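Down below is the structure, laid out as structure tokens.
Taken together, the values in this text are just the output of simple stated rules run on the coordinates, not laboratory data. For clarity, every value in this text was computed on a predicted model and none was experimentally measured. All Cβ positions, glycine included, derive from the backbone under ideal geometry; neighbour counts span all protein chains shown.
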Amino acid sequence: MSITLSEEKNELIRNIAECQGFKEYKIEVKTGSMKGDGYLGIINTIHVQDNNKPSKQLNLIMKSAMSGEKLRECAPVRKAYEREIYMYKTIFPEFKKFSEESGIRNNFVETAKCYGTLFADKEECLILENLREINFKLWDRMVAMNAEHVALVFTTYAKFHGTSLALKILQPEKHEEFSKNLKNIFYDENGKQSEQEKKFDESAKQIFSNGFRAISGNEKALAAFNNFVQNYQFFFKEQLIQIDKYSCILHGDCWCNNMMFRYMDPKNPSKPTEMCLLDWQIAKIGSPILDLSYFFYACSSKEVLYDLKKFLKIYHDNLSKTLKEAGLDPEEVFSYSELEAQWKIYSKFGLFMALFVVKIILSEVEEAPDLSELAKSGKSILESVVSSESVNAEKVDKRIADIIIFMTEHDYL
């Protein structure tokens, strides 16, 4: 289906085409994502075709903000696009420059190329390379992620966090500048909770009740989970917001639909050889464990959970490599024992995210909330997700139970 765009967006696309050497060309814009693929964005595909050279073409993705007033009152849409634009236009180019200057070869490059952005009110958008056209694929979210994919994700986060930590030490003024622009988008300028964050708190009781239901009958897990619930306020209001020497720039939204994989080994076509991280709208500063535990608990299979130490080792080996290439000592910057200590403190965040994200991951396409309708009702996405009954409730409960039981057995709660 062909799409009609605003003049601002059409002009942006024309500018991109001409910057890429197109003189006489046609542009085709189509709908690019299924319901449920993304929440704060409208995805369109853009195909630019040279009129005189059939082989000359450009395949792009445009991610645009929803413009409804009610939705913008219920969700920090503009802040989210401002954050993602900042990551693509400032952070990633600075990481590239820093890596080149510091001699980091195990550097972070796993992002889509950004061709252009708009930040006019209600016209916010990013135009990125279309990764599908160069054989990147989403993981099937209905299937818990296997060890090969989890290993690649941990490797990629290690390079990202390692580059951020190295820059923090070697260029502290720059890191300080970045930190000022990477405050939690769900908090206001004074660091106080926004209305969205208050609604998040209101949904916590329902989120926890889903956890209790999943482990019904397992007394040991129930006791451990209840202890987490009783200390939830302290964890979120005190521990989680601590910024210390190990804090770095985080991806933020680490579920499987924000990652794409490529498979370039003909001898092993199911093994991922490359990946890209997508959707940087809630990037922020915090413990690396927030990224790792969110991804690990929300996306991994039960078998993978019990191999946690193996994946932490993969992460730390790659983090160390990046830090060493920058001339730093990993033992001083972020030792393996510190990584384990931080996991014990902060991985509860991953459980909290998994308690409702797993429900989204295992939802059927027709269950995805209509954001415009939600906004009219005054409900947030989170309220809608946690209060609705999933058609795959048994699968959701099984995944949640596996996580809580694993954490109970390893004293992470």
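Taking neighbour counts of Cβ atoms within 10 Å as a proxy for exposure, in what order, fewest first, do T4, T155 appear?
Listed from fewest to most nearby Cβ atoms, that is T4, T155.
Given H placed on each backbone N at 1.01 Å, which residues far from S300 in sequence or on other chains put an amide H within less than 5 Å of it?
M145
Work out from phi, with θ = phi - 60° and the Karplus expression 6.51 cos²θ - 1.76 cosθ + 1.60, the ³J(HN,Hα) of each residue of region 309-323, listed in order in whole Hz, and give x for Gly and Pro.
4, 4, 6, 5, 5, 4, 4, 5, 4, 6, 4, 4, 4, 4, 5
Where the only charges are on Cβ atoms (+1 Lys, Arg; -1 Asp, Glu), what is the dipole of the chain about its Cα centre, to the nearest 20 debye?
The calculation lands at about 440 debye.
I'd like the Karplus ³J(HN,Hα) series for region 203-217: coefficients 6.51, -1.76, 1.60, θ = phi - 60°, whole numbers in Hz, and an x wherever there's a Gly or Pro.
Residue by residue, region 203-217 yields 7, 4, 4, 5, 4, 5, 5, 5, x, 4, 4, 5, 10, 3, x Hz.
Counting every Cα pair in region 86-225, what percent are over 27 Å apart?
Taking all Cα-Cα pairs of region 86-225, the fraction more than 27 Å apart is 50 percent.
Using only DSSP helix segments of four residues or longer, with each worth -39500 (n - 2.57), what per-residue ellipticity at 222 nm results for the chain after dividing by its residue count and rounding to 500?
For the chain, the value works out to -15000 deg cm²/dmol.
Provide the packing ranking of 403-409, 103-109, i.e. peptides ordered by the mean count of other C-beta atoms within 10 Å per residue, highest first.
Averaged packing, sorted descending, gives the order 403-409, 103-109.
For the chain, calculate the relative contact order in percent as a whole number, restricting contacts to Cα pairs under 8 Å that are 6 or more residues apart.
Over the chain, the number comes to 20 percent.
Averaging over all projection directions, find the projected area of the Cα convex hull of region 1-115 and quote it in nm² with one decimal place.
So the Cα hull casts an average projection of 9.8 nm².
Using the number of other C-beta atoms within 10 angstrom as an exposure proxy, rank E366, E100 with the fewest first.
Final ranking by Cβ density, sparse to dense: E366, E100.
Dipole of region 98-245, Cα-centred, from +1 at each Lys and Arg C-beta and -1 at each Asp and Glu C-beta, to the nearest 20 debye?
Computed charge dipole of region 98-245: roughly 500 debye.
Let me know the charge dipole size of region 235-308 about its Cα centre in debye, to the nearest 20, where only the beta-carbon of Lys, Arg (+1) and Asp, Glu (-1) is charged.
Result for region 235-308 is approximately 60 debye, rounded to the nearest 20.
Enumerate the calculated ³J(HN,Hα) couplings along region 296-306 in order (Karplus 6.51 cos²θ - 1.76 cosθ + 1.60, θ = phi - 60°), each rounded to whole Hz, writing x wherever the residue is Gly or Pro.
4, 6, 6, 10, 7, 6, 4, 4, 5, 3, 6
Give, to the nearest whole percent, the P(r) tail of the chain beyond 27 angstrom, counting all Cα pairs.
That fraction is 53 percent.
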